[in-house]
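Here the structure comes first, spelled out in structure tokens, and everything after it is commentary.
The values are calculated or read from the model by the stated rules, or taken from the named source; none is laboratory data. In this text the structure is predicted, and so the values were computed from the model without any measurement. Cβ placement follows ideal geometry from the backbone for every residue including glycine, while neighbour counts extend to all protein chains displayed. Accessible surface is based on the protein model in full, side chains and every heavy atom, while ligands, DNA and RNA are left aside. Shrake-Rupley method; radii C 1.70, N 1.55, O 1.52, S 1.80 Å.
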Amino acid sequence: MTMTRRGLLKASVATAVAANGLTWFKPDEVFAADTQVIPSADHWGPFKAVVKNGVLVGVQPLKDVDAMPTKMLTEGTISRVYHKTRVKYPMVRKSYLANPTGDTKPHLRGKEAFVRVSWEQALALTADAILRTAEAHGNEALFSSSYGGWSHAGLLRPHVLQGRLFGLIGGHSVTTGDYSGGASQVSLPHIIGDMEVYSPQTSWEVMAEHTEVMVWVGCDPFKNNRIEYTVADHQMMPRWKKIKERGVKFISINPQYTPTDEALGSEWVKIVPNTDVALFSAMAYHVYTTGKHDKAYLAKYTVGFEKYLPYLLGKDSDGSPAKTPQWAAKITGIPAAKIIELAELFAAKRTQFAGAWSLQRAHHGEMTHWAIINFAAMLGKIGKPGQGVGFSWHYGGGGMIQSNAVMPVGLAQGRNPVKARCPASRISEMLMNPGKEYTRDGAVHKYPLVKLIYNSGNNFMSHQQDTNELLRAMNKQVETVICQDPWWCASSRFADIVLPATSALERDDISTGGTYSNDKIYAMCQVIKPYGESLDDFEIFRRLAELMGVEYGFTEGKTAMDVLKASYQATGQKTPFEKFWKEGVTHIEVPEKMRVCRILCKRTIQRRRKSACP
């Protein structure tokens, strides 16, 4: 192969960037004619990519769009573009390639070398394994470990495209739930009538006007809001400071002093990890025994208090003692006097409790959020302006006012004929116990007999509690593991077939910002050419669909760009697609009626000072 002067220059620049990192350019910086500035976006924020000789050399934040650009743009996704961990070519594990229908020596996964193959050979092996497995064991034997869609922020996410393809060939077993709010997303609809962990939070304007005390319970929005499921534009960061300027007191119940605490001057109440149930039970005990609970509120807006009370008072059949502050002090590490002080402060002031998802990632994790809700309900807080509970303040710009606009949605995943499911945290258990019954959300299910795992845009190997257990289960049960990913993550290294997918910067897509406000649409323009021989996920699944005879069902005759244009046009935005694509962002006006509730709630609370705001 002969290297051209341009190719040599491009390779030299890429090597220099990989070694020295990328540059953060000022929003108003002007570039020479040989430098392109291309609008794009990812989970960490919107930006303009600075490209020279076809190589990404830096990023430029969007002035007046991203309220607080973070270094995660340069130290996160973007710095990995030219990293040595990129998957450059289609690869197949040596023993699997030697005998794909026989003894593939699964015990050598993660230990032996991969062999470079052509895309034609890799996809042929992939399609053959999928169809052969379905014919021999049924479509339930095909398992998708792909979920969540965190591979990139666009519409054409691999787990959706994968589900669309597999639905066309008879379906596959899939994961259900996730790690972020695994216990809460099941329990909270039964407790409070809403999933809550993925719901918009009270408007920041309402908080600024009505809240007196904001309680972080393991919650750290200044750290966690650096990234969003769509595009983080960090709009709540300055608004939290405005809330502070209104005189709101912040209290942080957390084992650590957080970036949020530092930014907002929170009073830090240090607690032993995973003891929040004891703290909130003790505060509930105190307000009940001192008569500071809201009897009328409990009678009108709650059910089950008479069943909860014996537990608080130590009269329950479980034999546990009364949940006094003294009892909780030994468990939580918080002095009893401080527990009493907090309980009385929260009872006297208009208080909002912000619980983090992390609290419920434990055995009986739902009890933590339940205990917070119980305490807030006993104080009569839930449903009143600027008060109550919220479990998504740390995510997606929780607190931003919503536009309620129609947003682009991309391709539909379609119907999955297979009903077999596996909870996201139970893949090892599923593999070791095919056919075993398990209970989730009050229903009984059975684990499928899994013979093939297809993983796209997700690192399922890092998600299981015991990786060695997962490897043993895979080696015993699973005949083929396919991983479609830009990087040699753990799931790639322990796969049989590895399909190199492009990063977010090497494909065209569309996203939105923020997760809750939905007041912007972002163009994710392709910034650089695909790394090595990598293909975007749409093209990979299109080629597989062609091999399986369902290409038209998958694409409906559309290219990826056709899908993006149609998705944008369906939003009804006045800015033409071509102008939007060139500028990189379309701003969506937030209707004034979305702010009116602030005034209405103020009038309501003035009229009904002694009752809850409906």
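Tabulated data
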quantity: Equivalent ellipsoid semi-axes, the chain, via Cα gyration tensor eigenvalues times 5, rooted, Å; calculated: 45, 32, 22
quantity: Bins of 10 Å from zero: percent of alpha-carbon pairs in the stretch 324-433; calculated: 11, 25, 29, 21, 12, 3
quantity: Centroid-to-centroid separation of the stretch 356-412 and the stretch 225-302 [C-alpha atoms, Å]; calculated: 12 Å
quantity: Fraction of accessible area attributable to carbon and sulfur, the chain (%, probe 1.4 Å); calculated: 52 percent
quantity: Inter-label distance, nm, simple model (7 Å from Cα along the C-beta direction), THR35/SER199; calculated: 4.8 nm
quantity: Under 20 Å from the Cα of LYS52 - lysines, other chains or at least 8 residues apart; calculated: LYS10, LYS26, LYS529, LYS582
quantity: Amide H contacts of PHE250 (H built 1.01 Å from N, under 5 Å, at least 5 apart or other chain); calculated: MET214, GLU267
quantity: Ranked packing of 487-500, 233-246, most packed first, by mean Cβ within 10 Å; calculated: 487-500, 233-246
quantity: Taking only Cα atoms of the stretch 254-374, radius of gyration then Dmax in Å; calculated: 14.6, 45
quantity: Crossing angle, helix 5-20 versus the chain [Cα axis fit, 0-90 degrees, rounded to tens]; calculated: 30 degrees
quantity: Rounded if a/c under 1.5, otherwise prolate or oblate - the stretch 82-175, Cα gyration tensor axes; calculated: oblate
quantity: P(r) weight above 19 Å for the stretch 263-316, C-alpha pairs, percent; calculated: 43 percent
quantity: Kirkwood-based shape ratio for the stretch 458-551, expressed as Rg/Rh from alpha carbons; calculated: 1.07
quantity: Between helix 336-348 and the chain: long-axis angle, C-alpha atoms, 0 to 90°, nearest 10; calculated: 90 degrees
quantity: Sorted peptide list for 58-67, 438-447, criterion being average Cβ within 10 angstrom, highest first; calculated: 58-67, 438-447
quantity: Ratio Rg/Rh [Cα only; Rh per Kirkwood] for the stretch 517-568; calculated: 1.06
quantity: Residue-wise HN-Hα coupling along the stretch 536-553, computed from phi with Karplus coefficients 6.51, -1.76, 1.60 (Hz; x: Gly, Pro); calculated: 6, 4, 4, 5, 4, 6, 5, 5, 5, 4, 4, 5, 8, x, 10, 4, 5, x
quantity: Helix-only mean residue ellipticity at 222 nm for the chain, each DSSP H run of n ≥ 4 adding -39500 (n - 2.57), per residue, nearest 500; calculated: -10500 deg cm²/dmol
quantity: Amide hydrogen neighbours beyond the local backbone of ALA232, cut-off 5 Å, H modeled; calculated: TRP44, GLY45
quantity: Peptide ranges 400-412, 449-461 listed from the most packed, as the mean C-beta count within 10 angstrom indicates; calculated: 449-461, 400-412
quantity: DSSP bridge orientation in the chain - percent antiparallel, rounded to nearest 5; calculated: 45 percent
quantity: Euclidean distance of C-alpha centroids, the stretch 179-224 and the stretch 511-566, integer Å; calculated: 32 Å
quantity: Length added when fully stretched, LYS241-LEU131, from 0.36 nm per residue minus Cα-Cα; calculated: 34.0 nm
quantity: Where the stretch 473-586 is the region considered: accessible area per residue in Å², 1.4 Å probe; calculated: 35 Å²
